[in-house]
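The values are calculated or read from the model by the stated rules, or taken from the named source; none is laboratory data. None of the values given here were measured: they were computed from a predicted structure. FYI the Cβ positions are ideal-geometry reconstructions off the backbone, even for glycines, and counts take in every protein chain you see.
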Amino acid sequence: MEKRRSVYLKTVLALALGIIFLVPIYWMIIVALKPEGNSAVTIAEWFNFANLTLDNFRKVLSESQILRWTWNSFFISIVTAVISVFICSLAAFAFSKLKFKSSKFFYVLLSLGLLIPTEAIIIPLYNVSMKLNLLDSAWGIILPGLTNPLGIILIKQFMDGIPNEYIEAAQLDGCKSFKIWWYVCLPLTRTAMVSVGIFNFLLAWNNFIWPFISITSGENMVLATGIPTFLSNNTLVLNTVMAASALAAIPAMVVFILLQKQIIQGVSMSGVKG
């Protein structure tokens, strides 16, 4: 009886939280579908579907480069995630399985990188990017995003769990360090790499400060910077604001739906040593 009551309470709580989460999304979509000037402030207007229109979405698509910004965000996020996860895996392999002098010192130095906020390196990062002609380009955003101390630490924790007998057996077969990483460590840490890749993708997708500073042309903007720039010219038209916000939210929602199992698994494993 107590178990049934506990399950019932958990179900009710989950439904309540789900409704609380969905209400703002529903209101955003309804306002986006209403004519300009109708903000659907009453409950009756929430369920009045007589005057719905797609004009606000057409306006956003015609007056902004939101499709271009979406493509830029996907390209930058995917390339950053793929390249950074391999760099993190190589660095994690070096710290976990290779013996070299001052490894502990460099690992502590790497860990200290987590304490440095992005705002603290904006000025030197801007100067370096300007000298390398990387400003206002996709690679100017991708290259600084390839460094991820947290990703190295997480993958290293999983590689520490790989028995050293596997490494010794590969060495007896004549494998060098790169082959040991490729054929032994890489397959055994695939799950951790997927989790780190998803986190890197989300970090690159939501990155705002550096793209806002480094990108100056409209066609090279990403969603995180393009949408606020567009909305700054339409702050008085709530329907247009909600339409742009809805279009910007669709890609992130699709990615979450497709990768929700991996995201949840990555969150649960991030605090567990493999």
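Things worth noting here:
- Check on Phe100, aromatic (Phe, Trp, Tyr) and modelled with pLDDT of 90 or more: no
- Taken together, Leu223, Leu231, Leu259, Leu202 contain a single residue that is under 15 Å from the mean Cα position of the chain (by Cα), surrounded by 13 or more Cβ atoms within 10 Å (Cβ to Cβ) and at pLDDT below 80, which is Leu259.
- Taken over region 179-224, the criterion of being within 23 Å of Met159 (Cα to Cα), out of contact with any Leu (no Cβ under 9 Å at 6 or more places or on another chain) and among the aromatic types (Phe, Trp, Tyr) is satisfied by Trp182, Tyr183.
- Each residue in region 186-196 was checked for being in contact (Cβ under 8 Å) with a residue 60 or more places away in the chain, surrounded by fewer than 23 Cβ atoms within 10 Å (Cβ to Cβ) and not polar (S, T, N, Q), and 3 pass.
- First in region 54-80 and in the same structural domain as Ala246 (by TED's automatic domain parsing), second anywhere and part of a helix (DSSP H, G or I) and surrounded by fewer than 18 Cβ atoms within 10 Å (Cβ to Cβ), Cβ under 6 Å, 6 or more apart: Gln65/Gly218; Arg68/Glu219; Thr70/Pro251; Ile76/Ala138
- In the set (1) in contact (Cβ under 8 Å) with a residue 60 or more places away in the chain; (2) assigned by TED's automatic domain parsing to the domain that holds Lys176, Leu115 fails one condition alone, (1).
- Members of region 117-157 found to be within 22 Å of Ile83 (Cβ to Cβ) and not in a helix (DSSP H, G or I), listed by number: Leu132, Asn133, Leu134, Leu135, Asp136, Ser137, Thr147, Asn148
- Residue pairs meeting the criteria (Cβ under 6 Å; at least 6 apart or on separate chains; first under 8 Å from Ser214 (Cα atoms), in region 127-146; second among the aliphatic types (A, V, I, L, M) and part of a loop (DSSP other than H, G, I, E, B)): Asp136/Ile215; Gly140/Leu134
- Looking only at region 125-136, residues that are of a type outside the set (S, T, N, Q) and under 24 Å from the mean Cα position of the chain (by Cα) come to 5 in all.
For (1) within 26 Å of Thr229 (Cβ to Cβ); (2) in a helix (DSSP H, G or I), each residue gets a yes or a no:
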{"position": "Ala44", "(1), (2)": "no, yes"}
{"position": "Leu52", "(1), (2)": "no, no"}
{"position": "Val79", "(1), (2)": "yes, yes"}
{"position": "Ile87", "(1), (2)": "no, yes"}
{"position": "Phe93", "(1), (2)": "no, yes"}
